[in-house]
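K.L.:
Supplied in structure tokens, the structure appears directly below.
The values are calculated or read from the model by the stated rules, or taken from the named source; none is laboratory data. Keep in mind the model is a prediction, meaning the values are calculated, not measured. Ideal geometry is used to build each Cβ from the backbone, glycine not excepted, and the neighbour counts take in all protein chains shown. Please note that ligands, DNA and RNA were not included when accessible areas were found on the heavy atoms of the full protein model with its side chains. Shrake-Rupley method; radii C 1.70, N 1.55, O 1.52, S 1.80 Å.
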Amino acid sequence: MNTYYSLRYLASELNAMLSEAVFAQAVTSRKNEIGLFFSGPEQELKLMVSTDPQRTAVFTDPRVSVKKSNSASFFSSLAGYTVKKIHIAESDRFIFIRFQDSEIFLTLKMFGNDPNIFLTDGDKIIEAFKNPSRYTGANLPLPQSLKAPLLSEAKGGFKRKIQQAWPQLPRVFLDELIAFHKLDELPPDQADELLSSIHLQLTHSPEPRILHDGRFSLFSAANFPVDGAETFTDINTAVRVAFFSERRENVFAKELLLLQKRIEKLRARYESALQDADNARKSIEKAEFYEQTGNILMAHAHEALPASEEIELEDFYQAGTKRRIKLDPRLGIAGNAARYFELRKKAERAFETAAEYAEMIEGRFSQLREIEEKLQHVTDLRALDALKAEYSSHELFRKKQLPGAESVRPYKFGRIGKYEVWIGKNAKSNDLIMRDSHKEDIWMHAKGVAGSHVIIRMNRAQTEPDVSQLEKAAGWAAWFSKAKGSAFTPVIKTRRKFVRKQKQGPAGAVLIDREEVLIVPPVQPRADELED
């Protein structure tokens, strides 16, 4: 799109369109892109300029409306100036827009690693579109004069020789030109003559086309035959179509890459959740053990409780063996039996909850596999949008927050098994967690040091998370505290209803009415477990 030949013809076309037009404004709403707006005798005109080093381009855009939000203006001192002439440097990719009978120019430098637009007065730069602090007040970079050697006198490999002898030829096509015309098999003078004829065709009779792979070409069909190319009657239209097609392709490629990364994270999260659920489903084995233990105790309910925290009784479920049973010395034998029966009920409920949760995760995982399969056949943004609409309810397509935007939640959001976990970001965030959480949620905080409030959302669940889940959440609380460097950290655990704000106390400060303490190592959440 930005070859010397295309810019040469564009300069000529633009001169015909914009001569005597009045400059109105220059507005940008995308990085490396700017719209130059002109008032012509018959219509408003917009000159679109891309200074992206990977795809420089200049063309008129029929969409002349100005985007008001998230935009910035440039070259305001030019407002009201009339265009006198647009031309290109003799042998370099500089386009000059001259205003009135003066030395005021807009200079479009359309090559290299730093394409740019300069407002100049004579040779001095008044304003620059990119890196203004670097260029303002400096001299305008000068076009390079073309001093090309003959092909027979050039140095290096054959392709390198062509680049030296014919520097204006588009390099992206050189390998194919060499292969098609068998240039490397010809004597240097014949190869030079053929390249000269190609140069003359590009200079005087370009044939604008967009090839099947999206590349922009001015070669004639005789010089570069390609099936399935889209042809155009003018270069400006061809450049515009090629530019926006390439932009869509870039957007599609970026979205596809982002989706693939999110799929990997979700797969890891689902696999971890299913493993946790599988571990929890094994609690049915514990339920059986608790019931047996309760029955063994009930068989001795008439006996006095020994002054011990353990008792060893005959295990009539395994003849000839004894079972060592932990006791609560505050309860009698019957009371301890009742405690084990209650543990059996909790284990059974945990089993049922884990089974339901595993079924839900399996459903999501199955849909994720379907999406992955269909994604293999998605080739453009339209097809990708259709896939998103088909699976709009899946969390893969939940809208991600834009960088720099204010967080939807003022605290971090994570997940342990089926439980949501909230983690405060700072003292104010800790206060907001207290405000937004439910009284039956589980609250955690590293004991005796500054740190984040951590909330495990219970959502009316009848059973607490299992020990491994509680210890993981406590590990997170230790990690997000001043004690994160310790080998082990005491972490307070209680229900949120037993935590209250100090009256007139500083942000994040609370009083705790009832607590238990878990001793855990600090654990940093994995990337797939936590979102900001």
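K.L.:
Output the residue which, of all residues in region 72-104 that are open to solvent by 50 Å² or more (accessible area, probe 1.4 Å) and part of a loop (DSSP other than H, G, I, E, B), is modelled with the lowest pLDDT.
P.N.:
So the residue we want is Asp101.
K.L.:
Residue under question is Asp234, and the condition is that it be over 36 Å from the mean Cα position of the chain (by Cα), over 23 Å from Asp92 (Cβ atoms), open to solvent by 40 Å² or more (accessible area, probe 1.4 Å) and touching a residue at least 60 places away in the same chain (Cβ under 8 Å); does it hold?
P.N.:
yes
K.L.:
Please go through (1) closer than 30 Å to Leu530 by Cα; (2) open to solvent by less than 50 Å² (accessible area, probe 1.4 Å); (3) polar (S, T, N, Q) for Ser308 and return the number of the only condition it doesn't satisfy.
P.N.:
In the conditions (1) closer than 30 Å to Leu530 by Cα; (2) open to solvent by less than 50 Å² (accessible area, probe 1.4 Å); (3) polar (S, T, N, Q), Ser308 misses (1) alone.
K.L.:
Residues of region 453-490 being assigned to a helix (DSSP H, G or I) and among the hydrophobic types (A, V, I, L, M, F, W, C), which ones?
P.N.:
If the condition is that a residue be assigned to a helix (DSSP H, G or I) and among the hydrophobic types (A, V, I, L, M, F, W, C), then Val467, Leu470, Ala473, Ala474, Trp476, Ala477, Ala478, Trp479 are the ones that fit.
K.L.:
Of all residues in region 123-160 being part of a helix (DSSP H, G or I) and either in contact with a Leu (Cβ under 8 Å, 6 or more places away or on another chain) or modelled with pLDDT of 90 or more (or both), which is least open to solvent (accessible area, probe 1.4 Å)?
P.N.:
Going through the qualifying residues, I end up with Leu151.
K.L.:
Is there a residue being more than 18 Å from Glu20 (Cα to Cα), without any contact (Cβ under 8 Å) to a residue 24 or more places away in the chain and open to solvent by 30 Å² or more (accessible area, probe 1.4 Å) anywhere in region 41-56?
P.N.:
yes
K.L.:
Only one of (1) among the hydroxyl-bearing types (Ser, Thr, Tyr); (2) under 42 Å from the mean Cα position of the chain (by Cα); (3) open to solvent by 30 Å² or more (accessible area, probe 1.4 Å) fails for Ser217. Which number is that?
P.N.:
Of everything listed in (1) among the hydroxyl-bearing types (Ser, Thr, Tyr); (2) under 42 Å from the mean Cα position of the chain (by Cα); (3) open to solvent by 30 Å² or more (accessible area, probe 1.4 Å), Ser217 misses just condition (3).
K.L.:
With the requirement that a residue be exposed (fewer than 12 other Cβ atoms within 10 Å of the Cβ) and either farther than 23 Å from Asp466 by Cα or in contact with a His (Cβ under 9 Å, 6 or more places away or on another chain) (or both), what does region 506-522 give you?
P.N.:
Within region 506-522, Pro506, Leu511, Asp513 qualify.
K.L.:
In addition: Of Thr120, Thr107, which residue is farther than 22 Å from Asn236 by Cβ, in a strand (DSSP E or B) and either of a type in the set (Phe, Trp, Tyr) or at pLDDT 90 or above (or both)?
P.N.:
Going through Thr120, Thr107 in turn, the sole match is Thr120.
K.L.:
Could you tell me whether region 319-339 includes any residue that is closer than 30 Å to Ala253 by Cα, open to solvent by 40 Å² or more (accessible area, probe 1.4 Å) and part of a loop (DSSP other than H, G, I, E, B)?
P.N.:
no
K.L.:
Given the conditions (1) farther than 30 Å from Met48 by Cα; (2) in contact with a Gly (Cβ under 7 Å, 6 or more places away or on another chain), report the number of the one that His212 does not fulfil.
P.N.:
His212 satisfies all of (1) farther than 30 Å from Met48 by Cα; (2) in contact with a Gly (Cβ under 7 Å, 6 or more places away or on another chain) except (1).
K.L.:
What number of residues within region 491-519 are over 14 Å from Gly448 (Cβ atoms) and either among the hydroxyl-bearing types (Ser, Thr, Tyr) or not in a strand (DSSP E or B) (or both)?
P.N.:
Adding up the residues that qualify gives 13.
K.L.:
Would you be able to say whether some residue in region 490-509 is at pLDDT below 90, closer than 30 Å to Tyr270 by Cα and over 32 Å from the mean Cα position of the chain (by Cα)?
P.N.:
No, every residue in region 490-509 fails to be at pLDDT below 90, closer than 30 Å to Tyr270 by Cα and over 32 Å from the mean Cα position of the chain (by Cα).
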